[in-house]
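Below is one structure; the comments refer to it alone.
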Amino acid sequence: MAGTEFIENSPETKPFWDATAAGLFVLPWCRQCQRTHWYPRGVCPYCLSTALDWRESPGEGEIHSFSVNRMRKEPYVLAYVALSEGPIMLGNVIDGDPATLSIGRKVKVVFKPTSGGPPIPFFAVR
Ligand SMILES: [Zn+2]
């Protein structure tokens, strides 16, 4: 996507971006309660454990909620996607006609390059 610029990194998110640079989509996973969560952070939001790992994910899910922004020449879609592992992730749905989208539509992570940073995950209709 033209104009997409990578602007943020932190110790909590670095493993995620390192993975996307390798073409992998990973999610934080807690060894204590064995649940996946999103977004990356230093403690598990369910049990407050700091025993966290990263697990590769197929990046599949379904649209939980979405809106179509028509303020630009090209409309774009911002959606909450319920990932198959459970967490809900905010992202852009980048392909297909926004008029055909619906809650429950299956989507999958695809990566788009940035200028000067790792690729960023977007969602494409499956
Ligand atoms: Zn936990």
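Bear in mind that the values in this text are calculations on the coordinates, not laboratory data. This one's a predicted model, so the numbers in the text were calculated from it and none came from an experiment. A quick note on method: Cβ atoms are made from the backbone with ideal geometry, for glycine too, and the neighbour counts reach across all protein chains shown.
Applying the condition of being surrounded by fewer than 14 Cβ atoms within 10 Å (Cβ to Cβ) and among the hydrophobic types (A, V, I, L, M, F, W, C) to segment 48-67 and asking which residue is nearest to residue 98 (Cα to Cα) yields 48.
Looking at 40, 15, just one residue is in contact with a helix residue (DSSP H, G or I) (Cβ under 6 Å, 6 or more places away or on another chain) and in contact (Cβ under 8 Å) with a residue 24 or more places away in the chain, and that residue is 40. Exactly one residue out of 44, 33 is surrounded by 18 or more Cβ atoms within 10 Å (Cβ to Cβ), more than 18 Å from residue 122 (Cα to Cα) and within 16 Å of the ligand (Cβ to nearest atom), and it is 44. Figure legend. Inter-residue proximity from segment 79-90: first residues of a type in the set (Asp, Glu), second residues crowded, with 18+ Cβ neighbours inside 10 Å and in a loop (DSSP other than H, G, I, E, B), beta-carbon distance below 7 Å, spacing 6+ or different chains. Indicated pairs: 85/57.
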